[in-house]
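The values are calculated or read from the model by the stated rules, or taken from the named source; none is laboratory data. Keep in mind that what you see is a predicted model, and the values were worked out from it rather than measured. Cβ placement follows ideal geometry from the backbone for every residue including glycine, while neighbour counts extend to all protein chains displayed. Accessible surface areas use protein heavy atoms only, side chains included; no ligands, DNA or RNA. Shrake-Rupley method; radii C 1.70, N 1.55, O 1.52, S 1.80 Å.
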Amino acid sequence: MISHSFSRREFVRLFSGGTALILISFNTACRNKISQWRYLIEEEITLLDAIVEQIIPTDDFPGGKWANVSNFIDKQLNTYYRKHQLAYREGLSAFEKTVIQMKGKKFEELPFAEQTTILEKMEAGEFSGDYWKGHPPADFFDMVRQHSLQGFYGSPIHGGNREYISYHMLGLDYPNVIGQNRYHDLSWRKYNPKSPENGK
């Protein structure tokens, strides 16, 4: 969808010779008493959902939003990605302000094709203004893209890859545990791309 970016299919082609998933240990601390999120707030998650759905769009399989990629990122920002906390907070804020300035609407309110065009400009470093001082937009996009791929293709225990959806997509051989396939949940087959349900 975006020039020079990894689609799911490109990822599979590049890494079909083996898998290199990041195995991480994580904490489960909550950011506050009300929110289910650990670091990001609801408005940031809503925006991030729209971005990750562009990076890993729905096709024959559910995309990044349904697969809980934003949940993965939020979880890691409280642990393994802690050093990226400020980059996400400032980057998402700058991105939101830039889009509103350009379009008069929030990113998540725009048509899918228009969102794609905006991210292409961001990836190309064509965003400008005080919002991005010290934080190149292309670098922010690349960070979110890398984290999205890790969340989609990694183990569900890390917060993403809901119901092992990328494993189903890749057609991996699933190891049996106590004589049963531990990845037997095929409820994703009932997925409706037109449904507003986001899998959180």
Worksheet entry | Dipole magnitude (debye, nearest 20) for segment 27-161, charges at Cβ of Lys, Arg, Asp, Glu | 620 debye
Item to complete: Send over a whole-number figure in Å² for the accessible area per residue of segment 80-160, probe 1.4 Å.
Response: 49 Å²
Discussion item. Students often get this wrong, so check it: of Lys83/Lys121; Lys75/Lys121; Lys97/Lys121; Lys97/Lys133; Lys65/Lys97; Lys83/Lys105, which have C-alpha atoms separated by over 24 Å?
Written reply: Lys83/Lys121; Lys75/Lys121; Lys83/Lys105
Worksheet item: Taking the Cα atoms of segment 80-179 alone, what are Rg (to one decimal) and Dmax (as a whole number) in Å?
Response: 17.2, 59
Worksheet, complete the sentence: 1/(1 + (r/R0)^6) with r = Cβ-Cβ of Lys83 and Thr116, R0 = 25 Å, i.e. FRET efficiency to nearest 0.05, evaluates to 0.30
Worksheet entry | Translational diffusion of segment 96-138, µm² s⁻¹ [Kirkwood Rh, Cα pairs; Stokes-Einstein; 25 °C; 0.890 mPa s] | 231 µm²/s
Worksheet entry | Candidate residues Leu48, Leu170: accessible-area rank, largest first, probe 1.4 Å | Leu170, Leu48
